[in-house]
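Readers should treat all values here as calculations from the given coordinates under stated rules, not as data from a laboratory. Worth saying up front: this structure is predicted, and the values here are computed from it rather than measured. Because the Cβ atoms are built from the backbone with ideal geometry, glycine has one as well, and the counts that use them run over all protein chains shown.
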Amino acid sequence: MTAARSDTLVLFGASGDLAHKKIFPTLYAMFKRGRLNVPIIGVAKSNWTLDNLKDHAKDAVRAAGRYDETVFARFAAEMRYVDGDYRAAETFQALRGALNGAVRPLHYLAIPPSMFPAVVDGLGGAGIAKEARVVVEKPFGRDLASARALNDCLHSVFPEDAIFRIDHYLGKEPVQNLLYFRFANSFLEPIWNRHYVRSVQITMAESFGVVGRGRFYEEVGAIRDVIQNHLLQVVAILAMECPVSDNAAFVRDEKVKVFNAVRPLTPAELVRGQYRGYRAESGVAPDSDVETFAALRLYIDSWRWQGVPFLVRAGKSLPVTATEVTVDLVDPPQTVFAADKRTRADHYRFRLGPDVVIALGARAKQPGEAMQGEPTELKFVHQRGDEMDEYERLIGDAMVGDATLFARQDSAEAQWRIVEPILDGKAPVHEYEAGSWGPLQAADIAAGVGGWHDPMTLKPDGSLSSP
Ligand code: NDP
């Protein structure tokens, strides 16, 4: 497959929730910026006409607050619609006609995973998969076996380099910033190892619950929803060796090496929690033991990271919405200033959302006679947030065949291998108050490294404060 630009975008699931919430507003934004100038073919089975699809897209763009009548009219002129069931061969014959001789379509599967085999077979059977690319949305399976089955299904028609597994988290500006900061500077390298790093923490906190998506969440829980994919990818970026270049294959090679070196997790290093009131949410079983919070400790068996605990925590209904990484450095080997009270390790702090911060935490002397200090932070970067929407970046990359920000087969499977031992739901689920930092038992996970560092809230004036 060449790296030529895709010449048509085919959207399976055009009438679905994700298409409305994310994909249409993104395609419109790309069109407006001049980054998308190919036909867009929606495929669904709603008994729609092309006008229905255009109305649906208009509504989606309006809801995203981006609507401009003139631009939308030009955007809508690029749209086509194919109505039909994905299980029927005629749907794909009709799609073949609508493709109108396009040679390199991008097939975007915004559909339930149970429909993947039907669509992949349909595309193959109609001869419209050759030279094409395919984008699949997470979840890539729900355990190692189903991830393998999904990959086998995709590979029956598409070669690996034509498959783009979206983990939208990788397209986020701050996540890219993390990769950039690590390898665009030399000063980190001498200390970025087990000799100077005491522990690493990653917290992904959401201040809201399942907001109407209880039925979906019942099938996943925090480990499958964000830890197996997003947060393990952050672990990989923090822990990987320097890639040969920023070429997709080299970056993904280094990440997979990290995943292969992560010790499989054990229930003893996991605490699961559920916010009080979750079981009363719509679509949630009254006796559900799905976790809305998980805290775990993992180790990477490599020369660089042997013995350094990586603590990962994610939860809903916590005090703030923020994702933050802190890399705690070891204390100085000798206490020179006896009166000094060290309360916080020197550290690097990477705030990945909602705003972007890269900071070095250190001690500086307080003015006065006493040799006493206080913790202070040197901020390298503090930005309000993402400049380009992650979906825009990812769809743009997939259109030109750049796979750097997508999950490769070996990496998706290795990530499942890591969490597989804790997926059986046997670890007890502890209840916690909505608005707290999760169950009290989570403190045990971080007890050996001085406790969890809770991210702070971003105030309207741009400053941070404790929630
Ligand atoms: P929806 O259930 O809202 O939409 C499913 C779409 O698939 C609809 O357009 C539906 O068409 C179509 N469809 C389903 N079965 C058939 C069939 N047999 N023949 C033709 N069309 C069919 O799902 P979502 O949009 O929520 O999710 C899509 C994918 O994206 C899933 O894999 C999900 O996990 C993933 N995802 C979703 C997120 C979200 O926020 N929604 C976030 C991240 C990932 P019709 O309406 O005509 O039946």
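When only alpha carbons are used to place a centre, segment 224-242 and segment 39-102 end up 35 Å from one another. Only the Cβ atoms of Lys and Arg (+1) and of Asp and Glu (-1) were treated as charged; on that basis the dipole of segment 239-279 about its Cα centre amounts to roughly 460 debye. Using 1/(1 + (r/R0)^6) with R0 = 45 angstrom and r between the beta carbons of H430 and K21, what's the FRET efficiency to the nearest 0.05? Efficiency computed from Cβ-Cβ geometry: 0.90. Each Lys or Arg adds one and each Asp or Glu takes one away; over the other residues whose Cβ falls under 14 Å from the Cβ of Q372, this sums to +1. When segment 302-416 is described by a simple charge dipole with +1 on each Lys and Arg Cβ and -1 on each Asp and Glu Cβ, the residue from A362, T335, P375 located farthest towards its positive end is T335. Past the 28 Å Cα-Cα mark, which pairs from K45/K255; K172/K341; K172/K426; K58/K172; K138/K459; K255/K459? Pairs exceeding 28 Å: K45/K255; K172/K341; K172/K426; K138/K459; K255/K459.
Counting Lys +1, Arg +1, Asp -1, Glu -1, what net charge surrounds R198 among other residues with beta carbon under 13 Å of its beta carbon? Within the 13 Å Cβ shell, the charges total 0. Counted by Cβ distance under 14 Å from A88, the other residues give a net charge of -1, where Lys and Arg count +1 and Asp and Glu count -1.
The Cα center of segment 299-357 and the Cα center of segment 387-465 differ in position by 15 Å. Toward the positive end of the charge dipole of segment 1-52, with +1 on the Cβ of Lys and Arg and -1 on the Cβ of Asp and Glu, the farthest Cα among L27, N52, A14 is that of L27. Here the chain is assigned +1 on the Cβ of each Lys and Arg and -1 on the Cβ of each Asp and Glu. Its dipole about the Cα centre then comes out at about 360 debye. Stretching M115 away from T321 to a fully extended chain increases their span by 70.9 nm, per 0.36 nm per residue minus the current alpha-carbon distance. In this calculation the C-beta distance from V330 to H382 is compared with R0 = 25 Å, giving a FRET efficiency of 0.40. The 3J(HN,Hα) values that the Karplus relation (6.51, -1.76, 1.60; θ = phi - 60°) gives for segment 207-214 are, in residue order, 7, 10, x, 8, 5, x, 9, x Hz. Gly and Pro appear as x. The A362 and A63 beta-carbon pair, evaluated with R₀ = 56 Å, returns a calculated FRET efficiency of approximately 0.80.
Model label sites at F187 and A249, defined 7 Å from Cα along the beta-carbon direction, differ in position by 3.6 nm. For segment 57-117, treating each Cα as an identical point scatterer without solvent, what Debye log10 I(q)/I(0) comes out at q = 0.14, 0.25, 0.28 1/Å? Evaluating at q = 0.14, 0.25, 0.28 Å⁻¹ gives log10 I(q)/I(0) of -0.60, -1.10, -1.17.
The convex hull of the Cα atoms of the chain, projected and averaged over all directions, covers 23.9 nm².
The protection proxy used here, the mean number of other Cβ atoms lying within 10 Å of each residue, ranks peptides 401-407, 308-314 as follows, highest first: 308-314, 401-407.
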